[in-house]
Structure formats: C-alpha cells, structure tokens
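The values are calculated or read from the model by the stated rules, or taken from the named source; none is laboratory data. Since we're looking at a predicted model, the values are computed, not measured. Ideal geometry is used to build each Cβ from the backbone, glycine not excepted, and the neighbour counts take in all protein chains shown.
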Amino acid sequence: MPDYQNLFNRDFYPTPVEVIDQMVGMSDVAGKIILEPSFGSGNIVKYLNEHHAKEVVGCEINDKLRAAADGVTVIEKDFFNVTSIHVSHIDMIVMNPPFSNQADHILHAWNIAPDGCEIISLCNDSMIGRSFDRNQKVEQINELIDIYGHSENLGQVFKEAERNTDVDVAVIRLYKPGTGENEFDGYFTDEADEPEMQGDGLITYNFVRDCVNRYVAAVSKVDAVLADGNEINKLTEAFGTFHIQFGAFRTSGSSSQPVTKEQFRKALQKRAWNWIFDKFKMNQYVTIGVMEKINRFVERQSTVPFTMKNIYRMVEMIFGTRKQIMQEAILEAFDKICRYSDDNVTYVGEKWKTNSAHMINKRFVVPYMCRYDSRWPREYVDISWNGHSRDIEDLVKALDYITGCHSEHYSLDMHMRECRVPWGCWTYWTYFRVKGFKKGTMHFEFQNDDHWAMINQAVAKVRGWELPANVKVRKSKTML
C-alpha cells in the first residue's frame, strides 16, 4: 500500500469506490461532461469513466499525481485558476476537495458552474447545519444547501479506506438553476425519447409533460408577481402605513413571511415530487419498515430538478427495484410473525437460532392484539392499534403481492367494528379466519393452503432454504 501520509500531504485521501457510489447516488453520469477539481490518484475519474461519462476534465495541484493522470483532460493545475469560461460546457462537478479549505472549493465550484450544472462534493460533516461558530463562507454554503439542494451524513466512511480517518463525512448535492430565457432548458423531452418502461402503465408521457408544464409555468410567473408587488408597494408607501402587502408569502398559522423565487421553487418542487410519489400508492403494498426507506428516498429526490427526464428515471428506479423492495417487505412481515412465539413456527432443521429453515404455521397467535377493560366491558372484539396490528397489515400486503390479488379490504380494526364480532368467535378477514380473546391474544389461521404455502415458499426461495415436500402450491402460481 502506498505511503500516502509521507508521499503527499495531510489532505490527500483517495476516495473509495463504495463512497463514490454513495456520492453519485441517484445522479446519472452517463453521457455527461464532468469536472473533477482535485482528482488526486484518479479514483473518482476512473469511476466516472466506468459509468460512461462522455468526458472527464479536471485539475490537480500535485505534479506527480497530475503526471500520472489517466482518463482525464487536465484544464488547469490549480482549481482556483479555473473560470466560468473554462467550464461553460460541463454538466456536473464531482469532487472530494481538501478538507482544510473545503468551503473555498465548494463556493468556487458554485460560482463558476454553468446554469443547470449539478455539483456533488464530500465535506466534513461538522460544516453542515451548525448555527454556531460558523464563518461567512460556511454560512453561504449552508444557505446554498437550503435553497438549491441537500446534504447527507455518510458517517465515518473513510475509517477502513486505504488512507483512513474517523472523521464524519457528509455529501452535498447542489443544483444550479437556469436563468433568463434558458431557465428551463432540459425540462421537457420529445415523445420519441420517452422510455419504454413507464411504471407498468401508471405514468404516461402526456401526464408527465402536464405535471412539468404546471411546475414551470408557476415558477415562471413568480418574477412577474414579485415585480408587480414591489411596484404596488412603492406606489402606496407615500400614503403611510398600509396593512395590505403585495408579493409572495409563506403562511404559517396566522403569520406570513415573504419568500424569494428560489424558496418558492424549492418548496413547489418538493410538493410536486411528493405528489408524483403519492400517485404510485406504494404504502398500499409495502411494510412500514420498507415504506420508511422509500420516504427517505422521496425526501432526497425532492431536491432534484422536476424535469421529465428525472421523473422517468425515478419511475424506473422505483419499479426497476420493485421486486427487491417487495422481497424485503415479505421477509420483514414473515420475521415479525415468527418472532412472536415459537408456537408460530415450524423448524425444518435444528433451531431457528442456527439460521436453519423455518416457516409460519398455518395457525399462529399474535399477542396484545385486543383490548378489554372490565370497567367498561364490551361484548365485541376491540382491536388495540399498536405495532402488532400494523405487523398483521404488513403480512396482508406481502400476501397481496405474492398472490397478485391486491384486493381492497377494510383494516382488521374496521372489520371487527363493522361485523361486531363477539369474543372467542371466528370471523373471516382477507386471507385468514381470526378469533380475538379478552386476554389480548388473537388467533389467525390461513383460509387457503395455497396462500400459506406461497408465503413460506417465497421466503425460502429468497433465503435459500429447503422446505418439506408437502409445502407446495396445488396450482401453478407466479412466485418471486
């Protein structure tokens, strides 16, 4: 391993490929011209070329590293000598700058980047989001993050690197908007460029174009609204205090605050992305745990420009990984039911603790599902809406995916209320017959042997388990 500590300086930390993966994340580098401002030993350059960047241009102040450069067009020795003229043709900037002057690198990248450029940079996490002991440059960077992008803590990702450190590292992603006549260049695509895969028909070209057109039209009118508001306010100020103001404002309860065009743009962009995701109704199909991961993805995606191309790419990412998402949801639901009691599980090998195969029994028990208070006794089963109830709903979602049914149904709580099911009596709900007891437990039994076999087979297939020969589906079914 090279002695980087002595060979170069204290800021030289080659970026591991797994960290670059986290940096680039959802960004598409293929076919783009990308600037790497301090390419060092070339790890980021190599990654970008392997992921089909059209061209990588860069700078490196160290003579030895610059002389050994491969796959990069050197445009300057010192990044701070680069002007906007040098990089007017680039699409992205991807960098791991020296942390000793990281703020200067990030601000210079922003200042020289052309309109529409995406900037991705590592930095020390201590620089992000702190309201105390921040200098003016760090304040500027945090303002840029608030308005034009987002940051994410990656943790101590250099702890096991070839040159290691236990510093907490963050990634900053900024999107520089267009201005003037070119403000919305690239927001629309031709129908000929429409991807073949469109979320199983859930999203069409005209629908996407209409969404983006609404967003663009709204943002385009903000300048006129602000200009008219300023003019009206100036005309009326000669008459003294006036309790009516004209302009753009963010309302919160009974108060309101003025907003700039960029604040409006980011707020509307986030709202538009969330609206698009709501159209997929993912919460109907995935478990609570998996949905939390999707929500984190949505939160990051909401900072990405609301263009037709980005919408299509997001749809491809969600539905391209749908099988993986649902596998995770099925395993999560399966494990929760098995953890409640050994009686819920049949062990196929030694013991579950040895990671040998096991399966949900046809009949299983879930604790703390029902509530009964002798002070206010009820004749009918009352469901306690807690984590265990949600786990059962998650199991139903997993079965919906496996069986392909996706039928609309009442929640278990609503079913019990509508049917007024007495304590200790069986009732039929979705895939089960169920019976609640005053002590809080609820018994579940699969109505259909095929459904029971299918979920056990789906889990066994993902985990590579061998189940008994009698656990089989009578008819041909579509499995994971």
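Check region 179-199 and report whether any residue there is exposed (fewer than 14 other Cβ atoms within 10 Å of the Cβ), under 30 Å from residue 322 (Cα atoms), at pLDDT 85 or above and out of contact with any strand residue (DSSP E or B) (no Cβ under 7 Å at 6 or more places or on another chain). No, the conditions are met nowhere in region 179-199.
When region 22-68 is limited to residues that are of a type in the set (Ser, Thr, Tyr) and over 21 Å from residue 102 (Cα atoms), the one that is nearest to the chain's Cα centre (by Cα) turns out to be 27. Within the option set 315, 396, being more than 30 Å from residue 26 (Cα to Cα) and among the β-branched types (Val, Ile, Thr) holds for one residue only, 396. Checking every residue in region 454-461 against the condition of being part of a loop (DSSP other than H, G, I, E, B) and of a type in the set (A, V, I, L, M) gives zero matches.
Pairs meeting the criteria (first residue in region 165-184 and in contact (Cβ under 8 Å) with a residue 12 or more places away in the chain, second residue among the charged types (D, E, K, R) and assigned to a strand (DSSP E or B), beta carbons under 6 Å, at least 6 apart or on different chains) are 171/152; 175/118. Taken as a whole, the condition of being acidic (Asp, Glu) and in contact (Cβ under 8 Å) with a residue 24 or more places away in the chain does not apply to residue 63. Against the list (1) touching a residue at least 40 places away in the same chain (Cβ under 8 Å); (2) within 21 Å of residue 13 (Cα to Cα); (3) not charged (D, E, K, R), the condition residue 155 fails is (1).
Filtering region 258-268 for residues that are surrounded by 11 or more Cβ atoms within 10 Å (Cβ to Cβ), in the same structural domain as residue 222 (by TED's automatic domain parsing) and assigned to a loop (DSSP other than H, G, I, E, B) leaves a non-empty set.
Taken together, 143, 118 contain a single residue that is without any contact (Cβ under 8 Å) to a residue 24 or more places away in the chain and among the acidic types (Asp, Glu), which is 143. Looking at region 306-324, can you tell me whether even one residue there is surrounded by 15 or more Cβ atoms within 10 Å (Cβ to Cβ) and not in a helix (DSSP H, G or I)? Yes, the conditions are met somewhere in region 306-324. Listed by first and then second residue, the pairs linking a residue in region 359-376 that is assigned by TED's automatic domain parsing to the domain that holds residue 426 and of a type in the set (Val, Ile, Thr) to a residue that is surrounded by 12 or more Cβ atoms within 10 Å (Cβ to Cβ) and in a loop (DSSP other than H, G, I, E, B), with Cβ atoms under 9 Å apart and 6 or more places separating them unless they lie on different chains, are 365/341; 365/441; 366/341; 366/441. Being over 18 Å from residue 15 (Cα atoms) and touching an Asp or Glu at 6+ places or on another chain (Cβ under 7 Å) is a condition met by at least one residue of region 96-116.
In region 28-60, the residue that is surrounded by the most Cβ atoms within 10 Å (Cβ to Cβ) out of those that are in contact with a Gly (Cβ under 6 Å, 6 or more places away or on another chain) and either assigned to a loop (DSSP other than H, G, I, E, B) or in contact (Cβ under 8 Å) with a residue 40 or more places away in the chain (or both) is 39. Of the residues contained in region 85-93, one or more are found to be in contact (Cβ under 8 Å) with a residue 60 or more places away in the chain and assigned to a strand (DSSP E or B).
The lone criterion from (1) part of a loop (DSSP other than H, G, I, E, B); (2) under 21 Å from residue 290 (Cα atoms) left unmet by residue 424 is number (2).
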